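S.K.: To start, I am sharing the structure in question, which I have written as structure tokens.
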């Protein structure tokens, strides 16, 4: 079956920096695809090339099997990472303004309801809180009832509560079978929302699959964490495990929980305050790249 | 071009301008204050120099021509020079070829110059003209309107689009079906009608207090205003085409507007200034605006009389707009 969007060998070369270095992606209709990576990994450059905002140095982008054209603008919804809106204009005026740019539009009442905008419809857009602003920008991105929605780090800078509210909104949109391309550097966000994740580092996709697939493929391990102060400084090696010092914690990635515990006890390490958890995407990223995601 | 998208962008820009109270009041108050200030400061024409137009070359020694603090301006056209004497723009016209001179019977400067001329033993025959004095403020108002129009056009379009580009407004618009042509024409149209509105307000309010001369038709003046505004808005579009840095745009706009303000005869006439300066001034749209507006208001000129100014302004508008639209980038 033809994918809704196909990207082949996409490259963006700025003078000395290769921001995107040969990215190939298939985005199926109705899926939510996450591009995950640290700042500077090339996520935004990649989506902006797909959106037609940035011209690629080389590579191919196909929407419904054809190169993107004017028609694409009518059926794509875009929420940029940083957008200023005109000054001295209210929320409802912004909605009307953007509505007039499109042929097919969603009823404003429904958008206002869905994105919970009614409390500040007459407010100047410059005077919105972070969460209100993101909801307005989401409403603007949805105004043409898009077939494909691009969300570039939509929850960066929001407090945890606002972030969760925003996830709920995206979940509702997903339920309408919309195709979503989301960039984020929050593992949790990608894990919660995406059907498929591509992990980017230095302009390349270093791993790709559903969150569960990715974790299964790379980890059969469990992660044991212990406060560093309980561990003798001489402990550099333990049979069959990877050791990682993170802040005040020691992380032990172990394939055999029983034997690792035994080794620790044999060494006289206290197991108080020990935690055992399944690996997360964060651990995966660390393993794949050798550096932390939010570096 | 879809009209619906054009009007959406047009209305948004109008609203932004009208709601920005500081910019709006600055746009209206500044020119009114300048005109009022000059109207009170120069209740009559206090020019330090006497201005004498001279036709022909002096034969032998002419003592009168050696008197200091009189500016002698060589002129060729007798008719237009006489009308300048009528309007007190020249205090005296001296025709050395036919041994005669003109003064205005209501001009004090003319009287003094006549005494000086007689004292230096001229023996020229006197020709008298009369005519209402053109006060400095009558002469100034077209210039102030032009200056306001220039700043409003250059900064209102040039600076605003650069700011839009810098803070991402343009990027957001680029992602919609709005085309650059629709966007730019909305900006031009919005600024044009705001300028016409503001200029009319400035004209009416200053006229109420100062009551200046208007000998021409208001429709002709409106045409001059429209073409002048279009040419300068288009000049703003060139600045706005690519730059994404407000400081750079500000510097360039100042580099354009200040020489224009000084060289286009807004504050003082370029008559008597070096030929090169006068040639240079003809390259500036503001020169054509002020000259055309003065011709309409002071001399009662019609469209045909000022056709070269109108054509030049229209040509400049088309040229600048072409360059601006062709080089425009959303980002």
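What follows draws every value from the coordinates through simple rules; no lab data is involved. Predicted, not measured: the structure shown is a model, and the values here were computed from it. So basically every Cβ, Gly included, is an ideal-geometry build from the backbone, and we count neighbours across all protein chains shown.
S.K.: Counting only C-alpha contacts under 8 Å and six or more residues apart, can you give the relative contact order of chain A as a whole percent?
M.R.: Over chain A, the number comes to 21 percent.
S.K.: Given 10 Å bins starting at zero, what is the percent of C-alpha pairs of segment B:50-129 in each, up to the one with the largest pair distance?
M.R.: 20, 61, 18, 0
S.K.: Which FRET efficiency value, to the nearest 0.05, do you get for residue A:222 and residue A:176 by plugging their Cβ-Cβ distance into 1/(1 + (r/R0)^6) with R0 = 35 Å? It would help to have the intermediate numbers written out before the result.
M.R.: Working: r = 38 Å, r/R0 = 1.08.
Taking R0 as 35 Å, the efficiency between residue A:222 and residue A:176 is 0.40.
S.K.: Next question, about the same structure. Output the relative contact order of segment A:220-278, whole-number percent, from Cα pairs under 8 angstrom with separation of 6+ residues.
M.R.: Once normalised by length, the contact order is 49 percent.
S.K.: If you don't mind, there's one more thing I want to ask. For chain A, just list the percent of Cα-Cα distances falling in each 10 Å bin from zero outward, please.
M.R.: 6, 25, 28, 21, 12, 7, 2, 0
S.K.: Report the relative contact order of segment A:180-246, percent, no decimals, based on alpha-carbon pairs under 8 angstrom and at least 6 residues apart.
M.R.: Normalised by residue count, the contact order of segment A:180-246 is 16 percent.
S.K.: Roughly how many nanometres apart are two label points built 7 Å out from the Cα toward the Cβ at residue B:118 and residue B:21?
M.R.: Distance between the two pseudo-spin positions: 6.3 nm.
S.K.: Just report the Cα centroid separation between segment A:186-234 and segment B:234-281, whole Å.
M.R.: 60 Å
S.K.: Any idea what diffusion coefficient chain B gets from Stokes-Einstein, in µm²/s, Kirkwood Rh on alpha carbon pairs, 4 °C, 1.567 mPa s?
M.R.: So the translational diffusion coefficient is about 59 µm²/s.
S.K.: With N residues in segment B:147-191, what two-decimal value do you get for its Cα radius of gyration over 2.2 N^0.38 Å?
M.R.: After normalising by residue count via 2.2 N^0.38 Å, the value is 1.22.
S.K.: What's the exposure ranking of B:26, B:102, going from fewest to most Cβ atoms within 10 Å?
M.R.: Lowest count first: B:26, B:102.
S.K.: Something else about it: Modelled label-to-label distance, residue B:329 and residue A:167, 7 Å Cα→beta-carbon offset: nm?
M.R.: So the two model labels end up 3.9 nm from each other.
S.K.: Extending each Cα 7 Å along its Cβ direction at residue A:104 and residue A:8, get the distance between those two points in nm, one decimal.
M.R.: Distance between the two pseudo-spin positions: 2.7 nm.
S.K.: Where is the GNM fluctuation largest for chain B (alpha-carbon springs, 10 angstrom cutoff): B:98, B:278, B:132?
M.R.: Result: B:98 has the largest fluctuation of those listed.
S.K.: For the protein assembly as shown, go through all pairs of different Cα atoms, get the mean of 1/r, take its inverse, and jot down that Kirkwood value in Å. Show your work: numbers first, answer last.
M.R.: Details: mean 1/r = 0.0332 Å⁻¹.
For the protein assembly as shown, the Kirkwood estimate is 30.1 Å.
S.K.: Go ahead and run the numbers for FRET between residue A:282 and residue B:314, Cβ-Cβ distance against an R0 of 51 Å, rounding to 0.05.
M.R.: Given R0 = 51 Å and the Cβ-Cβ separation, E is 0.20.
S.K.: Something else now. So for each of A:1-13, A:117-129, B:6-18 I average, over its residues, the number of other beta carbons within 10 Å; can you give me the resulting order with the highest mean first?
M.R.: Packing proxy ranking, top to bottom: B:6-18, A:1-13, A:117-129.
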